[in-house]
Amino acid sequence: MSETVKSNTYKVFYYIVFAVLITWQLWAASAGAATVSAPSDMSLWLSFASSLLVFVWIIVLAFTPVTFIVFLALFLGFSGLFSVCTIDLLSFYREISPKILSYQEVQKIFALGFISVGVISWSIDRRKEHKASKTLIAIDSLTGLYNTRFFYQELENEIRRVRRYQRELALLLVRVEGLREYNELYGYSEGDKVLKDMGQSILGYLRRSDIGCRFGASEFAVLLPETPSAGAALVAQRLQNRLQSLKFMVDGKELYQKISISIVQLQEDETSMGLVRRGEKLLEVAMEQGGNMIIKK
């Protein structure tokens with residue numbers, strides 16, 4: 001990607017000066033044309049719309065970093081439009097020939113075209129950058145699921161929706177049992193493969209409204225909006241079967257993982273931390289009872 005041109009004083013100054021002069025020129029040109037050549041109402045409206053459009057561009061772009069190519073297109077466009085409009089303004093007082101005026105109109109179109117290309121390119125760049133940065137911040141690089149930070153943000157958002165619309169919310173905490181021992185025995189790279197495959201399996205199973213996250217070294221969290229207890233239990237059972245069926249080949253051996261899942265429903269006036277703590281306590285109870293089970297309260 002091209003080097004970014006950051007917002008600074010001289011760029012803002014250029015844009016604002018161009019906007020003021022162009023708007024003044026368009027107003028003067030429209031007023032002068034109305035008395036000299038009596039143009040159509042459409043011409044006056046176009047002049048007025050152009051001046052407003054320039055101001056919109058200035059407001060949007062003046063304080064926003066853009067790539068060098070985008071800045072160059074905008075700079076050339078504004079510069080061309082500025083020079084042409086200045087000549088055009090003088091033409092009403094010097095009575096330059098109609099041919100030159102026609103040529104100036106063509107120049108205006110090209111200048112506006114440069115600016116439009118710059119604006120569109122800037123918009124596309126910003127959208128891509130925003131999407132990429134949001135993905136990098138929120139996604140766990142190993143599993144492809146959302147990370148813990150994003151999990152807590154979305155949990156707070158979902159709790160607010162539950163309070164507002166009187167809906168239900170279920171949380172599943174999924175633990176891969178014995179992953180520490182697995183890492184020590186076969187190596188951390190093999191343990192990472194387990195987490196990666198399980199993360200992808202969870203991601204492929206969930207509904208669009210569900211939120212799957214990596215939660216700790218050997219755990220995953222799944223938020224199930226608008227899901228009652230019975231529905232959450234069904235999801236947990238299917239998810240456990242899905243994860244336990246994953247086969248991992250290490251040194252010619254077929255290995256499978258044991259999975260425990262806790263299910264908790266959000267209670268009235270319960271906080272996000274309170275909900276998570278209940279889920280973690282249930283997982284500990286599952287471990288004490290031998291593990292490889294689904295537990296809810």
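Read the figures in this text as sums done on the coordinates, not as results from a lab. Please read these numbers as outputs of a predicted model, since none were measured by experiment. Neighbour counts are summed over all protein chains in view; Cβ atoms, including those assigned to glycine, are modelled from backbone coordinates with ideal geometry.
Taking every pair of alpha-carbon atoms in the range 180-222, give the share separated by more than 14 Å as a whole percent. If you can, show how the numbers build up before the last one.
Working: 457 of 903 pairs.
Cα-Cα pairs of the range 180-222 separated by over 14 Å account for 51 percent.
Quick one: 3J(HN,Hα) in Hz for the range 256-269, Karplus 6.51/-1.76/1.60 with θ = phi - 60°, rounded, Gly and Pro as x.
After applying 6.51 cos²θ - 1.76 cosθ + 1.60, I find 10, 10, 8, 10, 10, 9, 9, 10, 9, 9, 5, 9, 4, 6 Hz.
Out of residues 5 or more away from THR227 or on other chains, whose amide H comes under 5 Å of its own, with H placed 1.01 Å from N in the peptide plane?
GLU168, LEU169, ALA170
Count neighbours as other Cβ atoms within 10 Å of each site's Cβ, and list the chymotrypsin sites (Phe, Trp or Tyr not before Pro) in the range 211-286 that are DSSP loop with at most 11 such neighbours.
Values: sites: PHE215, PHE220, PHE248, TYR256; in loops: PHE215, TYR256.
Listed in order of number, the matching sites are TYR256.
Using the Karplus equation 6.51 cos²θ - 1.76 cosθ + 1.60 (θ = phi - 60°), what ³J(HN,Hα) coupling, rounded to whole Hz, does each residue of the range 203-217 give in order, writing x for Gly and Pro?
Result, ordered by residue: 4, x, 8, 5, 6, 4, 7, 7, 10, x, 9, 7, 9, x, 5 Hz.
Pairs to check: LYS253/LYS296; LYS128/LYS258; LYS193/LYS281; LYS258/LYS297. Give those whose C-alpha atoms are more than 29 Å from each other in this structure.
On the way: LYS253/LYS296 34 Å; LYS128/LYS258 40 Å; LYS193/LYS281 27 Å; LYS258/LYS297 21 Å.
Long pairs (Cα-Cα over 29 Å): LYS253/LYS296; LYS128/LYS258.
Report, for the range 148-296, the % of DSSP beta bridges that are antiparallel, rounded to 5.
Once the DSSP bridges in the range 148-296 are tallied, antiparallel ones form about 90 percent.
State the dimensionless ratio Rg/Rh of the range 198-297 (Rg: radius of gyration of Cα atoms; Rh: Kirkwood radius). Before the final figure, lay out the partial values.
Values: Rg = 14.2 Å, Rh = 14.5 Å.
The Rg/Rh ratio comes out at 0.98.
Taking neighbour Cβ counts within 10 Å as the exposure measure, how do ARG161, ARG214 sort from fewest upward? Kindly include the intermediate steps, with their values, before the conclusion.
Numbers: ARG161 13, ARG214 25.
With the fewest neighbours first, ARG161, ARG214 line up as ARG161, ARG214.
Step through the residues of the range 177-193 one at a time and calculate ³J(HN,Hα) from phi using the Karplus curve (6.51 cos²θ - 1.76 cosθ + 1.60, θ = phi - 60°), rounding each to whole Hz and writing x for Gly and Pro.
6, x, 5, 4, 5, 4, 5, 5, 7, 10, x, 5, 5, 5, x, 5, 4
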